[in-house]
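Undergrad: Please see the structure below; I have some questions.
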Amino acid sequence: MGLLHRLDRPVSGVILFAKTSKGASRLSEQFRAHTVEKIYHALVENKPTKNKATLINYLKKDEQKNFVTVYSTPTDGALRAELDYEVVEKKDNNYLIKIILKTGRSHQIRAQLSAIGCPIVGDIKYGSKIKKNFSEEIVGIALCATSLSFETATTKEIKTIKIDPTF
């Protein structure tokens, strides 16, 4: 049995575990090949300039500060990062957006959305002006992994695990 992927500490949502080492190996290969579809929802402070777009940037992580810098062009030590987003609805003064992650870089969603002027609610590290407790139990940021679609290790069927955002 084993954990197949990770979420940043303040992020909530779907996590996938494997029952067997053989299953873990097959599913891990899907993550490496980027064939697992990962969907997130985020509540952001500002409306993106486009309702739907693809963001392609280059991310470089400072391990000492645990912070990712976003570049618009290839940069030494930076990794290519891609995601698609779509504005779903306006919620009070914020905007709910759906994100389809194409690559899985550290702090990717948080850094790329902040770079376009749309920090995630509660994400002080990446520019949020709003510090928010979502409930007595949850203190974090308004980013949730809401769906994972993958091929099962034994039957090869496509399986989708979905939840509603937890913020």
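Undergrad: Starting from the Cα of PHE67, step 7 Å along the direction of its Cβ; do the same at THR35; then give the gap between the two resulting points in nm.
TA: 4.0
Undergrad: Moving on to the next point. Taking amide H atoms as placed 1.01 Å from N in the peptide plane, list the residues 5 or more away in sequence, or in a different chain, whose amide H sits under 5 Å from that of PHE67.
TA: ASP62
Undergrad: Here's a follow-up. Using +1 on the beta carbon of Lys and Arg, -1 on that of Asp and Glu, and nothing else charged, what's the dipole of segment 1-56 about the Cα centre, debye to 20? Don't jump to the answer; show the numbers that get you there.
TA: On the way: 10 positive and 4 negative charges, 20 e Å.
In total the dipole reaches around 100 debye.
Undergrad: Under 13 Å from the Cβ of SER149, count the other residues' Cβ atoms, weight Lys and Arg +1, Asp and Glu -1, and hand me the total.
TA: 0
Undergrad: Continuing with this model, one more query. Non-local amide H neighbours of SER106 (under 5 Å, H modeled in plane, Pro and chain starts lacking H): which ones?
TA: Long-range HN contacts for SER106: none found.
Undergrad: Considering the dipole of the chain built from charges on the beta carbon (Lys and Arg +1, Asp and Glu -1) around the Cα centre, which of LEU79, ILE158, VAL14 is farthest to its positive end?
TA: LEU79
Undergrad: Can I ask one more? If you take every DSSP beta bridge whose two residues both sit in the chain, what share of them, in percent to the nearest 5, is antiparallel?
TA: Percent antiparallel among DSSP bridges in the chain is about 95.
Undergrad: Can I ask one more? Given R₀ = 41 Å, what would the calculated FRET efficiency be for LYS19 paired with LYS50, taking r from the Cβ atoms and rounding to 0.05?
TA: Efficiency, rounded to the nearest 0.05: 0.50.
Undergrad: Would you please classify the overall shape of segment 38-150 from the alpha carbon gyration tensor, given that a ≥ b ≥ c denote the square roots of the eigenvalues, rounded means a/c under 1.5, and beyond that prolate means a/b larger than b/c while oblate covers the rest?
TA: Cα axes put segment 38-150 in the prolate bin.
Undergrad: Express the relative contact order of the chain as a whole percentage, based on alpha carbon pairs under 8 Å and six or more residues apart in sequence.
TA: Details: 359 pairs, mean separation 45.4, N = 167.
Taking the mean separation of contacting Cα pairs over the length of the chain, I get 27 percent.
Undergrad: Then there's this: When the Karplus curve 6.51 cos²θ - 1.76 cosθ + 1.60 is applied with θ = phi - 60°, which whole-Hz ³J(HN,Hα) does each residue of segment 142-158 get, with x for Gly and Pro?
TA: Karplus values, whole Hz, x for Gly and Pro: 7, 9, 9, 6, 9, 7, 10, 10, 8, 8, 5, 5, 9, 8, 6, 7, 7.
Undergrad: Sort the following peptides by mean Cβ neighbour count (other Cβ atoms within 10 Å, averaged over residues), highest first: 144-156, 104-116, 55-67.
TA: In decreasing order of mean packing, 144-156, 104-116, 55-67 become 104-116, 144-156, 55-67.
Undergrad: With charges set only on the Cβ (+1 for Lys and Arg, -1 for Asp and Glu), what does the dipole of segment 38-150 come to about its Cα centre, in debye to the nearest 20? Write down the numbers at each step before the final one.
TA: Details: 18 positive and 12 negative charges, 39 e Å.
The calculated dipole for segment 38-150 is roughly 180 debye.
Undergrad: Go through segment 46-63 residue by residue and turn each phi into a ³J(HN,Hα) via Karplus (6.51, -1.76, 1.60, θ = phi - 60°); whole Hz please, and just put x for glycine and proline.
TA: Result, rounded to whole Hz: 10, 6, x, 5, 10, 6, 8, 6, 10, 10, 10, 9, 10, 10, 10, 9, 8, 5.
Undergrad: Quote the relative contact order of segment 11-100 in percent (integer), defining contacts as alpha-carbon pairs under 8 Å separated by 6+ residues.
TA: Contact order relative to length: 30 percent.
Undergrad: Between THR152 and GLU86, what is the label-point separation in nm under the 7 Å Cα-to-beta-carbon projection?
TA: Taking the two extended label points, one gets 2.8 nm.
Undergrad: Let me ask you something else. Whole-Hz ³J(HN,Hα) for each residue in segment 15-21, computed from phi via Karplus 6.51 cos²θ - 1.76 cosθ + 1.60 with θ = phi - 60°, x for glycine and proline: what do you get?
TA: Running phi through 6.51 cos²θ - 1.76 cosθ + 1.60 with θ = phi - 60° gives 10, 10, 10, 9, 7, 10, 5 Hz.
Every read-out reported here was derived from the displayed coordinates using simple, explicitly stated rules and does not represent laboratory data. In this text the structure is predicted, and so the values were computed from the model without any measurement. Cβ sites come from the backbone with ideal geometry, for glycine too, and all protein chains shown count toward neighbours.
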